[in-house]
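Participant: First the structure, then my questions, so here it is.
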């Protein structure tokens, strides 16, 4: 009887040892699998980070070289203008912009543009409207008063308008019946309001736009609107407001000191 109990006990111990070994083996296999998976994901993330850094580095180099090119072009233009060679200077600008010699909009659009006394701002708006029309969107512009800008504000305004209209064009290019509206009016005696409104193909939350760096699309970085924020936040003469509805995004720029 004693030998029998010992035998049973021995078999029981061996049985549980086998199960323990099997359990430990499965556990170690799963742990190794998870470790390998984590290592693979970490490696993939590292490679993605390296690729992103390389892409950013290349873009930075392109921007840096482009800045030198622009500086040299401006120096060249300065010399042409000082020598009263305006035709040569204009041709150089047209070659850089790859633009047609002249763009004329519909009469009602031109009538509103002519209320802006700055020919530079007129030209910025005109060329961007031409690009928006080229993607098939309908365009409406209304300038309710004669608007003057000082030189410093005009330079900043040209940057802001260019960014806003570029962003609107990007949002409109995939829409079948896109709508674009631009208005410029007086808020009071010292303040002018520029409103840019464009249709969107999906509802957008303002907080989500801010999270996406002021883009209406998750996969679009929207650095342009981030640059506008930086310009506006660094100047007491400007204030920016963004409003969204189910089908439209409206950006309003308040400019103090315009005449």
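Participant: Consider residue 176 carefully, then state whether it is out of contact with any helix residue (DSSP H, G or I) (no Cβ under 6 Å at 6 or more places or on another chain) and at pLDDT 85 or above.
Facilitator: So residue 176 passes the test.
Participant: Another question, then. Given the criteria over 19 Å from the mean Cα position of the chain (by Cα), surrounded by fewer than 15 Cβ atoms within 10 Å (Cβ to Cβ) and either within 28 Å of residue 234 (Cβ to Cβ) or at pLDDT 85 or above (or both), does residue 145 qualify?
Facilitator: Criteria met by residue 145.
Participant: Can we say residue 72 is part of a loop (DSSP other than H, G, I, E, B), at pLDDT below 85 and not assigned by TED's automatic domain parsing to the domain that holds residue 229? Please lay out each step first, then the result.
Facilitator: Working: part of a loop (DSSP other than H, G, I, E, B): no; at pLDDT below 85: yes; not assigned by TED's automatic domain parsing to the domain that holds residue 229: yes.
Criteria not met by residue 72.
The values are calculated or read from the model by the stated rules, or taken from the named source; none is laboratory data. Nothing here was measured: the structure is a model prediction, and the numbers come from that model. Virtual Cβ from ideal backbone geometry, glycine too; neighbours counted across all protein chains shown.
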